Amino acid sequence: MFIIWRGWGILLPLGALIGAMIAMFACALLEQFVPQQIFPAIVALGATLAAFQTVRWLERSDKGRELRDEKTGELVLLKRGDSIFFIKVRYWAYILAILTLVLFVTCLMSLFGSST
């Protein structure tokens with residue numbers, strides 16, 4: 001499998017992985033108090049929150065570089081353009097958020113659907 005990234009886009013899946021691992025640790029600690037059907041949604045939530053934090057950090061660290069076009073005298077701002085699989089990291093965070101929401105609904109349906 002190939003992973004295609006540009007700039008610091010590779011940090012997004014690494015950040016999401018770290019967030020998911022922290023959420024799995026929290027699930028292990030809360031195992032007695034939270035139903036097991038919710039654990040995948042909690043892990044996905046941890047990955048999504050870590051992805052949003054990674055995107056926030058990446059966008060703040062890219063100040064860009066101003067260049068002046070010699071022919072027109074126009075200022076041009078060049079940015080790094082972090083992406084993974086040709087999709088900007090900012091959009092990946094929203095994709096993960098939508099998938100997490102779907103997973104939460106699915107987990108809640110399985111939790112409440114199995115008890116009836």
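Readers should treat all values here as calculations from the given coordinates under stated rules, not as data from a laboratory. Computed from a prediction, not measured in an experiment: that's the story for all the values here. So basically every Cβ, Gly included, is an ideal-geometry build from the backbone, and we count neighbours across all protein chains shown.
Summary of computed values
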item	result
Global form of region 13-59, assessed from the alpha-carbon gyration tensor, a/c cut-off 1.5	prolate
For W5, residues with placed amide H under 5 Å, excluding near neighbours	F85
Cleavage-rule hits, chymotrypsin sites (Phe, Trp or Tyr not before Pro), region 17-52, DSSP coil, Cβ neighbours within 10 Å at most 11	F33
Relative contact order of the chain, pairs being alpha-carbon contacts under 8 Å that are 6 or more residues apart, as %	36
For region 24-116: rounded, prolate or oblate by the Cα gyration tensor [a/c cutoff 1.5]	prolate
Relative contact order, percent, region 46-113 [alpha-carbon distance under 8 Å, six or more residues apart]	28
Those GluC sites (Glu not before Pro) in region 37-116 that DSSP places in a loop and that have at most 13 other beta carbons within 10 Å	E70, E74
Filtered trypsin sites (Lys or Arg not before Pro), region 74-104: DSSP coil and at most 11 other beta carbons within 10 Å	K79
Per-residue HN-Hα couplings for region 96-104 [Karplus 6.51, -1.76, 1.60; θ = phi - 60°; Hz; x = Gly/Pro]	4, 5, 5, 5, 5, 4, 4, 5, 4
